[in-house]
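Have a look at the structure below, then the notes.
The values are calculated or read from the model by the stated rules, or taken from the named source; none is laboratory data. None of these values were measured; they are calculated from a predicted model. All Cβ positions, even for glycine, are placed from backbone atoms using ideal geometry, and neighbour counts span all protein chains on display. Side chains included, ligands, DNA and RNA excluded: accessible areas come from the protein's heavy atoms. Shrake-Rupley method; radii C 1.70, N 1.55, O 1.52, S 1.80 Å.
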Amino acid sequence: IPADTGLRREMTNYAELKRNSPVVQREPEIRIPKWMSEDKQVLRFEGYFKEAVTESNDESFRVRKVLFYYYLEDDSLQVSEPKVENSGIPQGAFIKRHKVKTEDGQPVKPEHLLPGRNFTIYGRTFHIVDCDAHTRKVLGKAGYNVRAAEPYPVDPYSKARSDFMARETGADPTVYRGMVSNPTKDFVEAQLGNAAKNNRKLGEFLKYDKKVLRFDAVWDDRRDYGKLRRFKVHFYLSDSKIDICEKFDPNSGFDPTPKLMDKQKFLKKQGRSFLPPSSGTMSDFKPEDFIQWNDLHIGKVLEVNGRKIEILDADKFTREFYQSQGQPLAAPIVRERPVKVYNRDTEPPPHTFGIGTEEDSAASWHSLHPKPPRRDLEKLQKYDNKKLSFAAKLNSQRADDRDRKFTIQYFLGDDTISVFEPPIRNTGVIG
């Protein structure tokens, strides 16, 4: 029994020690870097500058409106000029995003962009007239006095143009009413930098990107010693285009053409010519002239280059999409193709030579491109190096064969057998 030393263990109360400590322990201050705290925080200001017009009797200056984007994360500035229809001026990005300095060499700050102020950068003087609600809220919290919005000045050209359009159309010239699109106009706009078409179709693309409706279809070509040929019809929801691919059977004898019809718009009314369905002047057609997803259904026949492609079935995603849109698809149409089976009058030759196994020899009889027979890997791993051994003797009436002994081994891994004769000296048999 150990001796009693008189020492006792007690639990230390760290909260009490901290409370009685002469030095108050403070938590370290957490400082978030500016590029994280101000990430995606942008101040938007509206302004203009006056551009002198020297060679015109109708005007001496023109007011050009610009937008200022001030990024709080790195104090950079971007100036953009909204595009005005029929202005004749290349508009868009006026100053690319970077850190801008004023004439005094000081970096541009939000106080330089307050409404009602003028500031000069790169030899051009801008006047700020307004900012958005978010910018007013941020600047108000920072202690800035943001003035009310100011009106834009009216230049003689803009006023004359507005009066002319009002007389010609009788409509409000400040309202944007869209424009007629055609391939030539799209090409010219793309060359000038507007390749995305002002993102008018971006919402539809983002909503239906990578969503494709897939249908099973057939073309009955049995009239001229042909057969029932099967196809896959894909309808892309993002841009309402269709492509058709043929599904070939093994050893069909047909050339593996990748697509019967490449991805393109498909007209509802086809002509008698064997031209691609989307050939012709695209500006002559309206969006409703092309096939949409609600025009495709079970039993629909599409005429492609003189071939009548009939839709028979659809995959699971396509059926769920039509069900969610309130237009469920009908039951699939069964069109089976007769399969000819030719009986073989011969059997595999016997495995008489000792190279390989019987399965290896039979593989070259079943196919012109033989493959090694499959092996049961699970069984090989389970019974690896496991075998059954038996002792045997030769059933013979000859006197020199009565004393011959054999060992028969059965391998459990691959169900093979080996026969081995141990050699015996002075018997005359090699073994």
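Within the range 280-309, residues that are among the aromatic types (Phe, Trp, Tyr) have Cβ atoms under 7 Å from residues that are modelled with pLDDT under 85 in these pairs: Phe290/Lys268, counting only partners at least 6 apart in sequence or on another chain.
From the list Val63, Val84, the lone residue that is farther than 19 Å from His127 by Cα, surrounded by 10 or more Cβ atoms within 10 Å (Cβ to Cβ), touching a Lys or Arg at 6+ places or on another chain (Cβ under 9 Å) and hydrophobic (A, V, I, L, M, F, W, C) is Val84. Filtering the range 124-159 to residues that are at pLDDT 85 or above, open to solvent by less than 20 Å² (accessible area, probe 1.4 Å) and under 26 Å from Glu51 (Cβ atoms) leaves Phe126, Ile128, Val129, Cys131, Thr135. For the range 357-372, taking the residues that are surrounded by 12 or more Cβ atoms within 10 Å (Cβ to Cβ) and not acidic (Asp, Glu), the one that is nearest to Glu421 (Cα to Cα) is identified as Thr357.
Restrict the check to the range 15-29 and report whether at least one residue is at pLDDT 85 or above, open to solvent by 70 Å² or more (accessible area, probe 1.4 Å) and either of a type in the set (S, T, N, Q) or touching an Asp or Glu at 6+ places or on another chain (Cβ under 7 Å) (or both).
Filtering the range 15-29 for residues at pLDDT 85 or above gives none.
Checked the range 15-29: no residue is at pLDDT 85 or above, open to solvent by 70 Å² or more (accessible area, probe 1.4 Å) and either of a type in the set (S, T, N, Q) or touching an Asp or Glu at 6+ places or on another chain (Cβ under 7 Å) (or both).
Of all residues in the range 405-426, exactly one satisfies the criterion of being modelled with pLDDT under 85 and surrounded by 12 or more Cβ atoms within 10 Å (Cβ to Cβ), namely Ile424.
With at negative phi and at pLDDT below 75 as the only criterion, which of Pro2, Pro33 stands out? Lay out the reasoning, then the answer.
Details: Pro33 fails: at pLDDT below 75.
That would be Pro2, the only listed residue that is at negative phi and at pLDDT below 75.
Restricting attention to the range 201-229, the residues being over 17 Å from the mean Cα position of the chain (by Cα), at pLDDT below 85 and either surrounded by 15 or more Cβ atoms within 10 Å (Cβ to Cβ) or under 30 Å from Asp186 (Cβ atoms) (or both) number 1.
Is one or more of the residues making up the range 48-64 under 27 Å from Asn145 (Cβ atoms) and touching an Asp or Glu at 6+ places or on another chain (Cβ under 9 Å)?
Initially, the range 48-64 is screened for residues under 27 Å from Asn145 (Cβ atoms), giving 48-50, 63.
Then keep just the ones that are touching an Asp or Glu at 6+ places or on another chain (Cβ under 9 Å); that gives 50, 63.
Yes - at least one qualifying residue is present in the range 48-64.
For (1) surrounded by 15 or more Cβ atoms within 10 Å (Cβ to Cβ); (2) touching a Gly at 6+ places or on another chain (Cβ under 7 Å); (3) not polar (S, T, N, Q), each residue gets a yes or a no:
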{"position": "Phe45", "(1), (2), (3)": "yes, no, yes"}
{"position": "Asn57", "(1), (2), (3)": "no, no, no"}
{"position": "Pro90", "(1), (2), (3)": "no, no, yes"}
{"position": "Gln106", "(1), (2), (3)": "no, no, no"}
{"position": "Leu113", "(1), (2), (3)": "yes, no, yes"}
{"position": "Gly116", "(1), (2), (3)": "no, no, yes"}
{"position": "Tyr122", "(1), (2), (3)": "no, no, yes"}
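Picking from residues in the range 283-320 that are in contact with a strand residue (DSSP E or B) (Cβ under 7 Å, 6 or more places away or on another chain) and of a type in the set (Gly, Ala, Ser), the one that is surrounded by the fewest Cβ atoms within 10 Å (Cβ to Cβ) is Gly299.
Determine if the range 359-381 includes at least one residue that is over 30 Å from Thr346 (Cα atoms) and of a type in the set (Ser, Thr, Tyr). Before you say what the answer is, go through the steps one by one.
Our first condition is that a residue be over 30 Å from Thr346 (Cα atoms); within the range 359-381, this holds for 377-381.
Checking which are of a type in the set (Ser, Thr, Tyr) leaves us with none.
Scanning the range 359-381 turns up no residue that is over 30 Å from Thr346 (Cα atoms) and of a type in the set (Ser, Thr, Tyr).
Find the residue count for the range 47-57, including only residues that are of a type outside the set (Gly, Ala, Ser) and either assigned to a strand (DSSP E or B) or in contact with a Phe, Trp or Tyr (Cβ under 7 Å, 6 or more places away or on another chain) (or both). Residues in the range 47-57 being of a type outside the set (Gly, Ala, Ser) and either assigned to a strand (DSSP E or B) or in contact with a Phe, Trp or Tyr (Cβ under 7 Å, 6 or more places away or on another chain) (or both): 5 in total. Restricting attention to the range 374-401, the residues being farther than 23 Å from Glu421 by Cβ and surrounded by 12 or more Cβ atoms within 10 Å (Cβ to Cβ) number 4.
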